[in-house]
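Structure, as structure tokens:
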Amino acid sequence: MVTYRESEMADKFVEYLIKDQGYPKESIAVEYDVGKNNYVDIAILDLKTRTPIQLFELKGKKTKETEERGKKQLKKYRSLTDNQSIPAYLIFLNDNEPYF
């Protein structure tokens, strides 16, 4: 479940991907269903095939527990995609810009 603060983080991260990294807005999917009712926080999609080419899992505060949970989630999400070697990133909230 995404908290309000994590939701803000997602908005800021999407903004960063668009403005600072140059991704087209149309290539970014929030709460993307990777299969079997599993949703990654943010996916970058190939614009032609609409398949994920990068996965991002966002977490609030970095703790050993959230880090382990995030890694486990990303591993599961990767296993549900057609590309088992898809780049997957675990992003933590920061109180200062750029917020992650």
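The values are calculated or read from the model by the stated rules, or taken from the named source; none is laboratory data. Quick caveat, the model's predicted, so the values are computed rather than measured. Glycine gets a Cβ as well: all are built from the backbone with ideal geometry, and neighbour counts include every protein chain shown. Keep in mind that these areas ignore ligands, DNA and RNA; they rest on the heavy atoms of the full protein, side chains included. Shrake-Rupley method; radii C 1.70, N 1.55, O 1.52, S 1.80 Å.
The set of residues from the range 66-80 being under 23 Å from Thr51 (Cβ atoms), among the hydroxyl-bearing types (Ser, Thr, Tyr) and touching a strand residue (DSSP E or B) at 6+ places or on another chain (Cβ under 6 Å) comprises just one member, Tyr77.
Taking every residue in the range 24-48 that is among the basic types (Lys, Arg) and pairing it with any residue that is open to solvent by 20 Å² or more (accessible area, probe 1.4 Å) and part of a helix (DSSP H, G or I), at least 6 positions away or on another chain, the pairs with Cβ-Cβ distances below 9 Å are Lys25/Val14; Lys25/Ile18; Lys36/Leu80. Taken over the range 60-88, residues that are over 26 Å from Glu26 (Cβ atoms) and not polar (S, T, N, Q) amount to 13. Taking each residue of the range 70-86 that is over 13 Å from Gly35 (Cα atoms) and looking for partners that are open to solvent by less than 50 Å² (accessible area, probe 1.4 Å) and assigned to a helix (DSSP H, G or I) with beta-carbon atoms closer than 9 Å, six or more apart or interchain, yields Ile86/Tyr77.
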